[in-house]
Amino acid sequence: MKMRLAEIAKALQVQSIDEWEKIIVTSVSFDTRTLKPGALFIPLVGKQDGHNYIAKAVEKGAVASLWQEDHDRLPENSSAFPLLDVENSLQALQDLAGYYLHKINPKVVAVTGSNGKTTTKDMIAAILKTQFNVRKTQANFNNHIGVPMTILGMEPNTEALVVEMGMDHFGELDKLSRLVEPDVAVITMIGEAHIEFFGTRDKIADAKMEITHGLKEDGILVYNGDEPLLRQRVKAIEQPAYTFGSEAKNDVQALNIVGDESSTSFRVKNWPDYNFIIHILGTYNVGNALAALSVGDHFRIPVEKMVTALANFDLTQNRTQWVQGNQGEKILSDVYNSNPTAAKMVLQAFLRVKTRGQRYVVLGDMLELGRLSNQLHAELADVLDPEKIAAVFLCGNKVAALAANLTDKFSDTRVHLYPADHKEQLIHELKESITADDIVMLKGSHGIHLEKVLEALRK
């Protein structure tokens, strides 16, 4: 971004002064660890109070800061540093993002879903980049803070914005959708993620449909037509809706799906003469590709460009990627997050991978499953095949329900259970087991931090 501080003040209805016309803001930041010179500092109030870090922000090169009115002013000797007084710094961040979005006025694609949001976002961005200047959500910036930051990270020449939207409570997607006012809203699927807060998949579907609340009048909804819960709810919106999936009734349908350890090929009924390839494990990712193709088709991207884009898209780190271990083993890393549907799909794909050695599975707790937690963890036993897996390593306390359900299938010596704070022991015993010919899979919720196991295996 590049805006005069005076313009930012006007956008936030803050009294400006003449000197602010000369101050150029080139970025926004709420974290002094990553703040760059020229930034507007956003002191958010949470577990830490950002107002306590204003001196560090100035030291790092911030040119101005928001300042929440209920906080004490800076010392007099700091009075020359520009402060924009606002009632609430988070709301001001969101308001500024809304202003900047309307100023740049890109086409907006918003993506949500229980699984596949990030991969779908990456695929859509790759397809749109063949024809537009694109900005997409970075890392996990998909909430009430991350979405405004994504918007404010746009360059002035941005033509298309691809925004990932997460949620774990009712009302979150409503607010985010009304902020970005998407031209296209995408729902990848309905699973059990965050079921602790919703209780049922029906209510999760209700919450996901909030992404349409800000959908432009001439916008469209793209959704997984294999999901009855979505088909029922889509009838209530006025905008056109387009479906993708494996069933023939969908507008965009995949055919002839073939996958191996590192890629999946498929055809699409809409373009029968073209073979699509995505270089990522798991035939379930075809659904994500179909969503991206639906969006690309809406924006009239030539199919030849979409074929090339999908074959070369950049996947966000730690989403189902193969890496090399320090003993020569191959590691399937999917440690960013986990829920029952995603875990089962990745496990099934992993067990189809051919290997000269053994397969080892490392699973961490799946969080936010509420009263269904024990049941949903235990049900993972259904896809853990003792004929194909040498040993299962479990990390956390919720996976104890899975360990108990594996006793009939695996001997005690093949199931290892560790508290979340005993990763060093897990790492040591896993390293003692694996050889260069083996393959290892890691998956768990981000709060379990299996990335530490991954780092140790790669050292």
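One residue stands out in the range 228-257 among those that are in contact with a Ser or Thr (Cβ under 9 Å, 6 or more places away or on another chain) and polar (S, T, N, Q): the one that is modelled with the lowest pLDDT, namely Asn256. Every residue in the range 420-452 that is within 20 Å of Ser373 (Cα to Cα) and in a strand (DSSP E or B), please. Selection gives Leu442, Lys443.
Just one of the listed residues (Gly46, Gly98, Gly61, Gly116) is outside the structural domain of Ile277 (by TED's automatic domain parsing) and at positive phi, and it is Gly61.
The condition of being aliphatic (A, V, I, L, M) and without any contact (Cβ under 8 Å) to a residue 60 or more places away in the chain holds for Ala207. Which of the following residues is outside any loop (DSSP other than H, G, I, E, B), surrounded by 22 or more Cβ atoms within 10 Å (Cβ to Cβ) and of a type in the set (Ser, Thr, Tyr): Ser373, Ser333? The match here is Ser333.
Among helices (runs of 4 or more DSSP H) entirely within the range 94-198, having at least 1 residues that are in contact (Cβ under 8 Å) with a residue 60 or more places away in the chain and farther than 29 Å from Thr283 by Cα singles out 146-152, 172-180, 195-198.
Among Leu363, Leu417, which is the only one that is closer than 19 Å to Gly191 by Cα, in a strand (DSSP E or B) and at pLDDT 95 or above? Sole residue among the options that is closer than 19 Å to Gly191 by Cα, in a strand (DSSP E or B) and at pLDDT 95 or above: Leu363.
Might you let me know whether the range 370-386 holds any residue that is of a type outside the set (Asp, Glu), closer than 26 Å to Leu281 by Cα and touching a residue at least 60 places away in the same chain (Cβ under 8 Å)? Yes, the range 370-386 contains at least one residue that is of a type outside the set (Asp, Glu), closer than 26 Å to Leu281 by Cα and touching a residue at least 60 places away in the same chain (Cβ under 8 Å). Pairs linking a residue in the range 265-280 that is farther than 14 Å from Ala309 by Cβ to a residue that is acidic (Asp, Glu) and buried (at least 16 other Cβ atoms within 10 Å of the Cβ), with Cβ atoms under 9 Å and 6 or more positions apart or on different chains, are Asn270/Asp251; Asn270/Asp297. Residues in the range 406-446 that are of a type in the set (Gly, Ala, Ser) and surrounded by 14 or more Cβ atoms within 10 Å (Cβ to Cβ) were compared, and the one that is nearest to the chain's Cα centre (by Cα) is Ser445. Looking across the range 20-35, the residues that are free of Cβ contacts under 8 Å to residues at least 60 places away in the same chain and not in a strand (DSSP E or B) come down to Glu21, Lys22, Ile23, Thr26, Asp31, Thr32, Arg33, Thr34, Leu35. Could you tell me which of the residues Lys36, Lys107 is charged (D, E, K, R), at pLDDT 95 or above and over 30 Å from Ala292 (Cα atoms)? The match here is Lys36.
Scanning the range 56-93 for residues that are assigned to a helix (DSSP H, G or I), at pLDDT 95 or above and of a type in the set (Gly, Ala, Ser) yields Ala57, Ser89, Ala92. Selection of first residues in the range 235-257 that are in contact (Cβ under 8 Å) with a residue 12 or more places away in the chain and of second residues that are in a strand (DSSP E or B) and among the hydroxyl-bearing types (Ser, Thr, Tyr), restricted to Cβ pairs under 7 Å at least 6 apart or on distinct chains, gives the following pairs, ordered by first then second residue: Ala241/Tyr223; Thr243/Tyr223; Asn250/Thr243; Asp251/Tyr242; Asp251/Thr243; Ile257/Thr264.
One line per residue, one yes/no per condition, for (1) aliphatic (A, V, I, L, M); (2) surrounded by 20 or more Cβ atoms within 10 Å (Cβ to Cβ); (3) touching a Leu at 6+ places or on another chain (Cβ under 8 Å):
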position: Gly50; (1), (2), (3): no, yes, yes
position: Ile54; (1), (2), (3): yes, yes, yes
position: Val58; (1), (2), (3): yes, no, no
position: Ala62; (1), (2), (3): yes, yes, yes
position: Trp67; (1), (2), (3): no, yes, yes
position: Ala80; (1), (2), (3): yes, no, no
position: Leu83; (1), (2), (3): yes, no, yes
position: Gln91; (1), (2), (3): no, no, no
position: Leu96; (1), (2), (3): yes, yes, yes
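Residue check: is Glu304 at pLDDT 95 or above, among the acidic types (Asp, Glu) and farther than 20 Å from Arg267 by Cα? Answer is no for this residue. Looking across the range 447-459 at every residue that is touching a residue at least 40 places away in the same chain (Cβ under 8 Å) and farther than 23 Å from His377 by Cα, the one that is surrounded by the most Cβ atoms within 10 Å (Cβ to Cβ) is identified as Leu457. So for the range 389-400 (the condition being part of a loop (DSSP other than H, G, I, E, B), of a type in the set (S, T, N, Q) and under 22 Å from Leu372 (Cα atoms)), does at least one residue qualify? Within the range 389-400, one or more residues are part of a loop (DSSP other than H, G, I, E, B), of a type in the set (S, T, N, Q) and under 22 Å from Leu372 (Cα atoms).
The values are calculated or read from the model by the stated rules, or taken from the named source; none is laboratory data. Because the structure is predicted, anything quoted here is derived from the model rather than measured. All Cβ positions, even for glycine, are placed from backbone atoms using ideal geometry, and neighbour counts span all protein chains on display.
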